[in-house]
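Participant: Right, I'll just put the structure down here and ask away after.
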Amino acid sequence: MTSFLSKDSLFLKLPTSELAKEPTLLDLYTNLQSSTHNYDSLITKTYYLIKSPSLSQSQIIKLWSIRLTLHLFNNQLNYAKKEAIKLNNALYLQETTSNPDPPSRTSSLTSTSSSPMTPIYPLPKSILDFKLLVLLLRLKSIPNMNLVNELYKLNYQLRIKGVNELSEKLNNLSFDVIVVLILTKNYLTLQSMLINLHSQLSESGDVNYNKYKSQVLLLLIIIDSRIYTNKAFVEAEYSDKFSEIDQDTKNALVHASTKISQSEIAPEFTLTDLIKVDITDRVIYSILAIWDLSNIFPFKLTNNDNIIEFSYQELEQEQKEEDPDDLSSDWLVDLAYDELNKHWGDNITKLYALE
């Protein structure tokens, strides 16, 4: 039974008019491929598709992932947050109907402050998709130290389960923690975390961690430049370590600075350049988003005539001869989801559900 996932009470944004015909998964996929896509129209299509009686629970849950992400891309963070809370609660209560844990907090599920408060339950244990878990956690949570605790819990659960691509997922969770610590201005806590991480990564000697170590070091220099007014001290502290930062790590800062703050910083910037440049919180969040997306999707930073671009790299796949109309629902939902995620390259500021 999937009716608990398609109740009107789960939707904050309802269609304003009837569609001429029932949308199909193929419609959703082809519309996402279009260069003239309309996010409002796509969100409306997800409403009708989620209510389709012919789709499985896993397909409907993936459609919910698509819908929540579309809200973010459509600059409708409030809709995304409220619907994520409702979806999270529905999934959690469905699996713990006999004895649910108490909610972690309450939230108004309408835009008016006088509306009744609704409980917010923990993440459902039955959801195995890491991307959806993180999306729900970002959307349903207030970015404070309670969220940091939830991220550490998820970190622990991933470790004991031994999931695929564990290191990339753990790295991404650490980026979420960093976002919260910057947002709450816990710079000394963040500094301590980064110092410990860099020390552990250096001591391991594992070349597989070189990329992450490079990223941690860049962040550490940026944070130390905020903490210490004596810039000469920061420069002396990192003069011997700066060479550990690889070009791809630098390119993330260059792209984010150009895209977010329109500030110019050359791809081959020096330690002195880094310490002098004004790096805003929003730029740091965008740097972290670039690294996060590169860990879970085939996004790459490329240098084209000293212009750093962040783009989705199509994976080579065997050509399929099947007619699109003959593709299974599972396949079409996955194709639509993959197509949607290509849009993240233009929406890096929205990854952490802060805007």
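The values are calculated or read from the model by the stated rules, or taken from the named source; none is laboratory data. Being a predicted model, the structure only gives us computed values, none of them experimental. Using ideal geometry, Cβ is built from the backbone for each residue, glycine included, and neighbour counts are taken over all protein chains shown.
Participant: Scan (1) modelled with pLDDT of 95 or more; (2) surrounded by fewer than 19 Cβ atoms within 10 Å (Cβ to Cβ); (3) in the same structural domain as TYR352 (by TED's automatic domain parsing) for the single condition ASN149 breaks and write down its number.
Facilitator: (3)
Participant: Same structure again: Only one of these conditions is not met by SER311: (1) surrounded by 16 or more Cβ atoms within 10 Å (Cβ to Cβ); (2) in contact with a strand residue (DSSP E or B) (Cβ under 8 Å, 6 or more places away or on another chain). Which number is it?
Facilitator: So SER311 meets the others, but not (1).
Participant: Please work out if SER192 is of a type in the set (Gly, Ala, Ser) and farther than 30 Å from TYR238 by Cβ.
Facilitator: no
Participant: Could you check, for the range 284-305, whether at least one of its residues is among the hydroxyl-bearing types (Ser, Thr, Tyr), assigned to a strand (DSSP E or B), at pLDDT 90 or above and touching a Leu at 6+ places or on another chain (Cβ under 9 Å)?
Facilitator: No, because not a single residue in the range 284-305 is among the hydroxyl-bearing types (Ser, Thr, Tyr), assigned to a strand (DSSP E or B), at pLDDT 90 or above and touching a Leu at 6+ places or on another chain (Cβ under 9 Å).
Participant: With the checklist (1) buried (at least 20 other Cβ atoms within 10 Å of the Cβ); (2) within 22 Å of the chain's Cα centre (by Cα) in hand, flag the one item ILE245 doesn't pass.
Facilitator: Evaluating ILE245 over (1) buried (at least 20 other Cβ atoms within 10 Å of the Cβ); (2) within 22 Å of the chain's Cα centre (by Cα) leaves (2) as the failure.
Participant: Also, quick follow-up: Would you pick out the residues in the range 155-192 that are touching a Phe, Trp or Tyr at 6+ places or on another chain (Cβ under 6 Å) and either over 16 Å from LEU220 (Cα atoms) or outside the structural domain of SER214 (by TED's automatic domain parsing) (or both)?
Facilitator: If the condition is that a residue be touching a Phe, Trp or Tyr at 6+ places or on another chain (Cβ under 6 Å) and either over 16 Å from LEU220 (Cα atoms) or outside the structural domain of SER214 (by TED's automatic domain parsing) (or both), then LYS169 is the only one that fits.
Participant: Of the numbered conditions (1) in contact (Cβ under 8 Å) with a residue 12 or more places away in the chain; (2) surrounded by 13 or more Cβ atoms within 10 Å (Cβ to Cβ); (3) over 17 Å from the mean Cα position of the chain (by Cα), GLN157 satisfies every one except a single condition; which is it?
Facilitator: (1)
Participant: So, of the residues in the range 251-286 that are closer than 22 Å to ASP305 by Cβ and among the aliphatic types (A, V, I, L, M), which turns out to be surrounded by the most Cβ atoms within 10 Å (Cβ to Cβ)?
Facilitator: By that ranking, first place goes to ALA256.
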